[in-house]
Structure formats: C-alpha cells, structure tokens
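Quick notes on the structure that follows.
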Amino acid sequence: MISMGNVWDRTAEFLSDNLGSVMPLALLAIFVPAVISGNFSELQQGAGTGLALGLGIGSLVLALVGFWGQLAITALALDPSLARAAGATATRRFPAALLVMIVILAAMLVAILPVPVILAVAGVDLTAAMRSGAMPGIPSSAGLWIFLYLLILFPLILWAMARLAVALPALVDEGLALGAIGRSWTLTRGATWRIVGVLLLYVVVSTVANLAATTAFGAIMYLVAGRGEDGLSLATVLTTIVGGAVATGFTVLAAAFTAKLFEALRARSGAAAAR
C-alpha cells in the first residue's frame, strides 16, 4: 500500500531542491505559451475566417509546446540529475507521448459520442448549431437521457483517469509507447480510489484558484483599465498573465506528482514481486 502523503512529501522535496532547473522549463515551455494562447483566444472574438484559422493553428502549436514542457518536468522529476538534458529526453519521447494522448483523447471522444447521437435522434440540428456557435435548444426528453448518461459516464472517466495517471511517467522512464497505457493500468491496480481522491482534490483546488485568478482579478482589472473594443486590452493581458501563472504552477505540480507517484507504485510492484 502506498501513502499519498509520502508522495506529496517527495514531490515537494523535488520541487524545492530543483527549483533552479524547474523554473526555466516552466516559464519558457508552459507559462509563456499559456499566456500567448490566452490572448489568442481573446483575439479570436470577431476575427475573420483566415485570422481565426491562423490563431487556432497557433494555439495548437502552443499547446504542443506546453505538452513538451510537461514531459520535460516529468523527466526531471524522475531523474533530477538530468538538469538541462531533461529537454532532450522530452524531445525524444514526444512522438510516443503524443500518440498515447491521441489514443486516450480518441477513446474519450468515443465515450462522449452517444450525446450528439441522442441530440440528433431528438431532432436537434447540430450542423446549424455548429455554424452559429450558439447552444441549441434541447428537448426535455433528450436532456433527461443525456443527464443520466453523463451521470454514469463521469465516475467511469474519473476511474479511467486514475488508472492512466502514470502513463506519461512510464513512457518517459521506461521507453514505452502505447505500452505505457497497459503499464499504468497494471501499476495503479489497488490504488485507484486513492488516486481518484487526489484527482478530485486537484480539480477542485485548481479550479477555485483559476477562477480567483481570472474571474475575480479580471473583474478588478476591467474596472480599473477597461475592456478593449476588440476583446484585447491591458486588463485582458494582465488577467491572462495571472491566470497563466496559476495554471503553470498547477501543471508543474501535477507533472512532478505523477512522476513521484509512478516511482512509488513501481517500488510497491517490485516489493510485491520479490515476496
């Protein structure tokens, strides 16, 4: 049995001992892309088709850079002696990691697929809704079925996320590709519900912190500096900077924690095999 308290302690110890190596990665690969992407979202309001497409592609590229940064932090947490070489490890494992994430996202899309099917059967014009960008009217009967389906789906997704929590650390440390999914599934057996508890705590705390940073701080900034006519203003930029800082902190924490969780689960597995 693993102790989540011990995992948190090892995570905190790693971050405090390796702050000089973590900060450049966090700032350049996670914080800067997050801030720029946040401002891209504001610029997309009222943008023409060409500009909107360009901003969308730019946001995708920035998201990939941020994902690379998470891999680099993970590699560093698994082996602090890597220091600057963590970036090279992240680059080497990036294609495999991207493949794993695409497979996981595809599985989630398949799981969500019944929702648009229910809407289509109920007569909702999904094509028109996508063109207008407005929320379509949902018949009460379809709304009930969607609610019941999501009520069942949410805990299943949470459980699956817990079972896949250490897929990326396994991929980085053990040189796996799609096999990292099975490796994570095996390692997390018997610890799933403790991981679910940590996931819920993380979601709640990060959401509250992000809302405080973007909503509360943003409201104050808009009152002081005003909002630009095109959706981008000094207040918007400052709000995205604060929001990006908060998001970066939680992203680094999550990457380091899952790396230390992977080490604890692997040690548990090795001890069980030795008995």
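The values are calculated or read from the model by the stated rules, or taken from the named source; none is laboratory data. What you see is a predicted model; the values in this text were computed from it and never measured. Here Cβ is always computed from backbone atoms with ideal geometry, including for glycine, and neighbour counts include all displayed protein chains. SASA here: full protein model, heavy atoms, side chains in, ligands and nucleic acids out. Shrake-Rupley method; radii C 1.70, N 1.55, O 1.52, S 1.80 Å.
Data for the structure
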quantity: Candidate set: region 1-13, residues that are surrounded by 14 or more Cβ atoms within 10 Å (Cβ to Cβ) and of a type outside the set (S, T, Y); chosen: the one farthest from A72 (Cα to Cα); calculated: I2
quantity: Filtered residues of region 86-103 (kept if open to solvent by 30 Å² or more (accessible area, probe 1.4 Å) and of a type in the set (S, T, Y)); calculated: T91
quantity: Elements of type helices (runs of 4 or more DSSP H) contained in region 1-119, each with 3 or more residues being under 27 Å from A256 (Cβ atoms) and of a type in the set (D, E); calculated: 4-17
quantity: Output for region 91-120, where each listed residue is out of contact with any helix residue (DSSP H, G or I) (no Cβ under 6 Å at 6 or more places or on another chain) and basic (K, R); calculated: R92
quantity: Residue pairs meeting the criteria (Cβ under 8 Å; at least 6 apart or on separate chains; first under 19 Å from T240 (Cβ atoms), in region 43-60; second at pLDDT 80 or above and open to solvent by 60 Å² or more (accessible area, probe 1.4 Å)); calculated: G58/I36
quantity: Test: residue in region 104-127 that is touching a residue at least 60 places away in the same chain (Cβ under 8 Å) and buried (at least 19 other Cβ atoms within 10 Å of the Cβ); calculated: no
quantity: Test: A83 is small (G, A, S), open to solvent by 30 Å² or more (accessible area, probe 1.4 Å) and at positive phi; calculated: yes
quantity: Given (1) exposed (fewer than 13 other Cβ atoms within 10 Å of the Cβ); (2) touching a residue at least 40 places away in the same chain (Cβ under 8 Å); (3) small (G, A, S), index of the condition S16 fails; calculated: (2)
quantity: Selection status of L187, farther than 26 Å from G244 by Cβ, of a type in the set (A, V, I, L, M) and open to solvent by 60 Å² or more (accessible area, probe 1.4 Å); calculated: no
quantity: Every residue from region 138-166 that is under 16 Å from A120 (Cβ atoms) and in contact with a Ser or Thr (Cβ under 8 Å, 6 or more places away or on another chain); calculated: none
quantity: Which numbered condition I195 misses (of (1) closer than 17 Å to A254 by Cβ; (2) outside any helix (DSSP H, G or I)); calculated: (2)
quantity: Unmet criterion (only one of (1) farther than 26 Å from L234 by Cα; (2) open to solvent by 30 Å² or more (accessible area, probe 1.4 Å); (3) in contact with a helix residue (DSSP H, G or I) (Cβ under 9 Å, 6 or more places away or on another chain)) for L28; calculated: (1)
quantity: Failed item, numbered, when V246 is tested on (1) at pLDDT 90 or above; (2) closer than 17 Å to W8 by Cβ; calculated: (2)
quantity: Qualifying residue in region 201-219 (condition: hydroxyl-bearing (S, T, Y), touching a Phe, Trp or Tyr at 6+ places or on another chain (Cβ under 9 Å), at pLDDT 75 or above and open to solvent by less than 20 Å² (accessible area, probe 1.4 Å)); calculated: no
quantity: Filter pass, T258 being open to solvent by 60 Å² or more (accessible area, probe 1.4 Å), assigned to a helix (DSSP H, G or I) and modelled with pLDDT of 90 or more; calculated: no
